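Everything below concerns the one structure shown next.
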Amino acid sequence: MTSRPELQAPPEIFYNDDEARKYTSSSRIIEIQAKLSERALELLALPNDGVHRLLLDIGCGSGLSGETLTENGHQWIGLDISQSMLDVALEREVEGDLVLGDMGQGLDLRTGVIDGAISISAVQWLCNADKSSHEPRIRLKAFFGSLYRSLARGARAVLQVYPENLAQRELILSFAMRAGFSGGVVVDYPHSTKSRKEYLVLTCGPPSLSSAAPRGKGEDGESCSDEDSSGDEDNQSVCVSDRHRPRKKQKLNKKMKGREWVLRKKEQRRRKGTAVPADTKYTARKRKARF
Amino acid sequence: MRLLTHNMLSSNIKGVTNGFPLLIEVEKVVEKQVDFNEDFLRNMFPKIEWKALVEASRTMGYTELPENAESSMLDSDEFLGKFHHALVELHLEEGALVCPETGRKFPVNKGIPNMLLHEDEV
């Protein structure tokens, strides 16, 4: 398994011209980034009134996530540290405005102007000390502090992250809380190493029912998302089951044909009348790979 | 970079109390056609710092915006048209943004402002 990019080089060096091009032309990456952005936008829970808002895309890279924002009718400002990635974004003629900047230095935005922020696969880069002056704690503090200030009251930030370990996740979350955010972590498909995705869903403002983190998508085949009525007084949560995702998840699960499946099949054939060997402790035992 | 973004950007240099608005040094301005969206304009109007927008649009060569604006003016199509033009259709392609307090320049290349701070400015 390839090592994490965060351990190889600082982001502005790792994402050089070659890597930027490779990243943006990989159909797999494009698909994943699109899915992550859709989900982040969903978690952002912007009111469904058709109004186009001004969003922030932190670590926008080559604009893959920004395109999802544009498709949903929003205006956005994208921030990234890699000139190469932004150059690719320019080539792709993304609709949002691009800014070359370092989120760890603080976002250069006025107070309360942003209606929402998303970040796809970027914030974990803050946890690396790339230069001697880059103490991660200072950077996390600057980032979350400035993010909190720039968001309008009640606005949300959804940050999809790939923390290296539990300690990193805790670190990121603790600095978010210290900056004044309320919210939590939503984990989709927590039991699958491949599909597992983490989102920090943060709300600008005091904790309330409407800022409770929505449920992640799991293995029960049903994905519930608490719909926020952040404007309403009663804060009812409505469970919406997503018709499309469970089917996909069930299909993925069928990869392994376990012992249960084998026993069921044998029972079926016995009922049909075919000669089936008896079920013993050796039935559906895992064989050596060479077998 | 549109004036919409310029209206949101502020200088983050250490020690600066009010880094907004950034002054604009123009080298190249491009006008792009953008679909008119009234809802977005109405939603953005309260957030926009009007004086800064007028100043900036004048520096870019557009003098049609009125000095002062109130929300009642949003009912006028003519005003909306000018607002739309200044906010999202004027692009600063090449030039610089200048911090109002320190005079530090943030270069703008290909429409992308470089807001990276040096080690001593953080």
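Below are the figures for this structure:
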quantity: Among the candidates B:M73, B:M44, B:M115, residue that is modelled with pLDDT under 90 and closer than 17 Å to B:M8 by Cβ; calculated: B:M44
quantity: Top-ranked residue in the range A:69-83 [being β-branched (V, I, T) and either at the interface with another protein chain (Cβ under 10 Å from one of its Cβ atoms) or closer than 24 Å to A:D17 by Cβ (or both); ranked as surrounded by the fewest Cβ atoms within 10 Å (Cβ to Cβ)]; calculated: A:I81
quantity: Qualifying position, being open to solvent by 20 Å² or more (accessible area, probe 1.4 Å) and in contact with a strand residue (DSSP E or B) (Cβ under 6 Å, 6 or more places away or on another chain), among A:M103, A:M177; calculated: A:M103
quantity: Residues of the range A:143-184 classified as part of a helix (DSSP H, G or I) and either closer than 18 Å to A:E6 by Cβ or modelled with pLDDT under 90 (or both), total; calculated: 10
quantity: Residues of the range A:6-59 satisfying the condition of being touching a residue at least 40 places away in the same chain (Cβ under 8 Å) and hydroxyl-bearing (S, T, Y); calculated: A:Y15, A:Y23, A:T24, A:S37
quantity: Which numbered condition B:E64 fails, given (1) free of Cβ contacts under 8 Å to residues at least 24 places away in the same chain; (2) in contact with a strand residue (DSSP E or B) (Cβ under 8 Å, 6 or more places away or on another chain); calculated: (2)
quantity: Tally of residues being loosely packed, with under 10 Cβ neighbours inside 10 Å and either in contact with a Gly (Cβ under 6 Å, 6 or more places away or on another chain) or over 29 Å from A:S195 (Cα atoms) (or both) across the range A:255-291; calculated: 11
quantity: Any hit, the range A:57-66, residues being out of contact with any Gly (no Cβ under 9 Å at 6 or more places or on another chain) and buried (at least 23 other Cβ atoms within 10 Å of the Cβ); calculated: yes
quantity: Leading residue by the ranking (modelled with the lowest pLDDT) among those in the range A:1-18 that are assigned to a loop (DSSP other than H, G, I, E, B) and open to solvent by 40 Å² or more (accessible area, probe 1.4 Å); calculated: A:M1
quantity: Enumerated helices (runs of 4 or more DSSP H) restricted to the range B:1-109, each holding at least 1 residues that are in contact with a Phe, Trp or Tyr (Cβ under 8 Å, 6 or more places away or on another chain) and within 14 Å of another protein chain (Cβ to nearest Cβ); calculated: B:38-44, B:50-59, B:77-84
quantity: Selection status of A:L36, of a type in the set (A, V, I, L, M, F, W, C), within 12 Å of another protein chain (Cβ to nearest Cβ) and at negative phi; calculated: no
quantity: Search result, residues across the range A:191-227 that are at pLDDT 75 or above and not in a loop (DSSP other than H, G, I, E, B); calculated: A:K197, A:E198, A:Y199, A:L200, A:V201, A:L202, A:T203, A:C204
quantity: Flag if A:S119 is in contact with a strand residue (DSSP E or B) (Cβ under 6 Å, 6 or more places away or on another chain), within 12 Å of chain B (Cβ to nearest Cβ) and hydroxyl-bearing (S, T, Y); calculated: no
quantity: Qualifying residues in the range A:122-142 (those that are away from chain B (no Cβ under 14 Å) and at pLDDT 90 or above) - the one surrounded by the fewest Cβ atoms within 10 Å (Cβ to Cβ); calculated: A:A122
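The values are calculated or read from the model by the stated rules, or taken from the named source; none is laboratory data. Since this is a predicted model, take the numbers as computed values, not measurements. Don't worry about glycine lacking a Cβ; one is built from the backbone with ideal geometry, like all the others, and counts go over all protein chains shown. What goes into the accessible areas is simple: the full protein's heavy atoms, side chains included, and nothing from ligands, DNA or RNA. Shrake-Rupley method; radii C 1.70, N 1.55, O 1.52, S 1.80 Å.
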